[in-house]
Amino acid sequence: MANTSTGSDNFSAAFAAVQSRPDAGPDWLRSLRETAMLNFQETGFPVQRKGNEAWKYTDLRALAQTSFAYPETPGSVSPSRLASILPFDDGFARITFVDGRFAAELSTSLDLPGVTISPLSRALGSNGASLRQHFGPGQDRPEDSFTSLNTALFQDGALIEVTGEIDTPLHVVYITSDQPGPIAVFPRTIIIARPMSRVALIESYVSAGDGQSLTDAVTDIVVEDGATVDHYRLLVENPKSYHVGRLNTVLRRDSTFQSLVYETGSHLGRLDAVTLFDDTGSSASLRGLYITSGDQHIDNLITIDHAKPHNTSRLSYKGILDGKSSAVFGGTVFVRKGADKTDSHQQDKNLLLSEEAVVNSKPALEIYADDVKAGHGATAGAVADEALFYMQSRGIDAETAMRLLVQGFASEILDAVAIEPLRLWLEQQALNALPRFEQTISE
Amino acid sequence: MPLLEVRNLHVSVAGNEILKGLDLTVNIGEVHAIMGPNGSGKSTLTNVISGRPGYEVTSGEVLFNGESIMHMLPDERSRAGIFLALQYPVELPGIRNREFLRTAVDALRKTRGEDKMPIREFNKMLEAKAKALGFDADMLKRNVNEGFSGGEKKRNEVLQLAVLDPKLALMDETDSGLDIDALKVASEGVNRFRGPDKGIVLVTHYQRILNYITPDFVHVLIDGRIVRSGSRELALELEARGYDWLREEVEAGSSA
């Protein structure tokens, strides 16, 4: 089925330009891009929602009809501007990209012991054949059109290879600039944690302007034997932006993966996160907090694949929704045949601050193994009004009650954030979600 | 002066009149049971007295200690001494029982011009009251009502009553969903609260709880009005005969 949107026509032109550049990369990549572009042209954006479970509650028509420009050069972002748009002042090692290109002037020194941090384009420029395995479709899952489009058009992103135990967090920052648009950017991140290594990483998506844009981001993480990765993904782009992200994580033997996804920015934000247990003895804790307002729409599609036995997964997402905003949570845990001694639990809870906010929450389990401990739960959302009245009926004023409610709700996700400036910032974000107080009484 | 005076109260919910001219007077030291079939307006009455949003008071008023409370927010009514034990207690994810009650106690003390209660004193008081209701200390660390059984939720309401020690307790179907042991424990909690300086309004569908908490007065609420008031014996009669005879008598009376 050919897609006829102007959007994909623009991307065809962009693709031709990418492939004809002298620095288009090694042959294997050019060939991969070719296949990916064909796949995207074949499938187009998934605007058809009927019969398409993955996109059932998210309407991409407006995105598909937008004509996005593919910027030839990155827009300019000054260091002082960067300071004002960074979520928090961390002082951590930072690699920054503007419109999908490496921005050396906005990055810190990347020369740290135990880890190699570099722009992906640099490694690909010198062939980078070893990186081939981090691209392209998974073994049993067809590549989706956003991943294909990213593969066809990405220019750069962070390549992080961890070999030692890193004590301070690393920050990867993707900025969409305010150059004339709407523009589309395609960050690509590869994180490889070598055996017995340990690292904490923050991946932030921010806007320097307030115009419309599209970010189509793909991150691949491999946690090798005995390694530990704490990964934080922050979506704080401007309220007009579209953001479609993919987070693929492969866990090898006895590894530990902790993920926190925080989503508040963007007009339409979507994350497909796939965590694959590729060996035994590993654990994954996937947490998420989304805070929406206005007419925002946030969609999380989480897949945990227990392909091998003796692995543990915990999935806990929470949403705070205000205004006419909407959210979708789709969580599927596959327990494959033979994946015995799997221990899995998932839940999604939502706090609705407005009666017009809507959430669709559908945790699901698909179990093909025998000896499994698994559970799931979802609450479509205690409307905050009830909790508010309950607390007021105990003498607590509405403002204090609401603060306790939001803090308490978010704390179950945020208490485990080990990076203090990040946790403080996230807690403040949750408090900022509080409605302004003008309560009327029923008289 | 009565502790609570409800005068000719008319209340609508989404355009439907639920209370149609209800009068009720509760003097200090009295326990009133309000009984009635489902949908008669029992919960509406206690919710309106507590200031719950969503109810439109079209006429009449509620006086507490001789003053109208109609202009007061729910938290102001609570701090003035009105307590509502909810029929369906709400779960508060991420808010622990201990912190919740401490915030409530401090809000009350602030209104009275008192300092915050020292933590040790508060904990000692709280743990003693929780123990009396059959809760172990672990329960205080749990989130308010989250994952509680129906019986635990209702007992938690009685714990809050004990801790906040109001002047007037409105108990909305505190007995529903309790097994006999839990009912006894909850009733004992209410009886400990009972006293010459307190008032209690006990809303119930069943007579059973009145075996444990003896009311001074029993009122029957049907179709938004109190159609009969009497003593403890009225409740026994209702248990034996149901509500229909009373409903028929009322209808016959009003058409005569």
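The values are calculated or read from the model by the stated rules, or taken from the named source; none is laboratory data. Note that this is a predicted model, so its numbers are computed, not measured. Note that we place each Cβ from the backbone using ideal geometry, even for glycine, and neighbour counts take in every protein chain shown.
Residues of region A:267-288 being buried (at least 24 other Cβ atoms within 10 Å of the Cβ), closer than 19 Å to A:Phe329 by Cβ and touching a residue at least 60 places away in the same chain (Cβ under 8 Å), which ones?
A:Arg270, A:Gly288, listed by residue number.
Does B:Ile28 satisfy the criteria of being touching a strand residue (DSSP E or B) at 6+ places or on another chain (Cβ under 7 Å), surrounded by fewer than 18 Cβ atoms within 10 Å (Cβ to Cβ) and either in contact (Cβ under 8 Å) with a residue 60 or more places away in the chain or more than 30 Å from B:Trp245 (Cα to Cα) (or both)?
Criteria met by B:Ile28.
Of the residues in region B:86-107, how many are within 9 Å of chain A (Cβ to nearest Cβ) and outside any helix (DSSP H, G or I)?
So the answer is 10.
Does region A:39-54 include one or more residues that are closer than 20 Å to A:Ile175 by Cβ and either more than 25 Å from the chain's Cα centre (by Cα) or surrounded by 19 or more Cβ atoms within 10 Å (Cβ to Cβ) (or both)?
No, the conditions are met nowhere in region A:39-54.
Kindly establish whether A:Ala387 is within 14 Å of chain B (Cβ to nearest Cβ), modelled with pLDDT of 85 or more and under 21 Å from the mean Cα position of the chain (by Cα).
no
Specify the residue that is surrounded by the fewest Cβ atoms within 10 Å (Cβ to Cβ); the eligible residues are those in region B:120-160 that are aliphatic (A, V, I, L, M) and free of Cβ contacts under 8 Å to residues at least 12 places away in the same chain.
Only one residue tops the list, namely B:Ala128.
Out of the residues in region A:92-117 meeting the condition of being part of a loop (DSSP other than H, G, I, E, B) and without any contact (Cβ under 8 Å) to a residue 40 or more places away in the chain, tell me which one is farthest from the chain's Cα centre (by Cα).
Checked region A:92-117; the qualifying residue farthest from the chain's Cα centre (by Cα) is A:Ser109.
Can you pull out the residues in region A:411-433 that are in contact with a Lys or Arg (Cβ under 8 Å, 6 or more places away or on another chain), in contact (Cβ under 8 Å) with a residue 40 or more places away in the chain and more than 7 Å from every other protein chain (Cβ to nearest Cβ)?
A:Ile413, A:Leu414, A:Ala416, A:Val417
Would you confirm, using the coordinates I've provided, whether B:Val105 is under 30 Å from B:Val13 (Cβ atoms) and surrounded by 16 or more Cβ atoms within 10 Å (Cβ to Cβ)?
no
Can you tell me how many residues within region B:58-83 are without any contact (Cβ under 8 Å) to a residue 60 or more places away in the chain, at the interface with chain A (Cβ under 9 Å from one of its Cβ atoms) and touching a Ser or Thr at 6+ places or on another chain (Cβ under 7 Å)?
Qualifying residue count for the region: 3.
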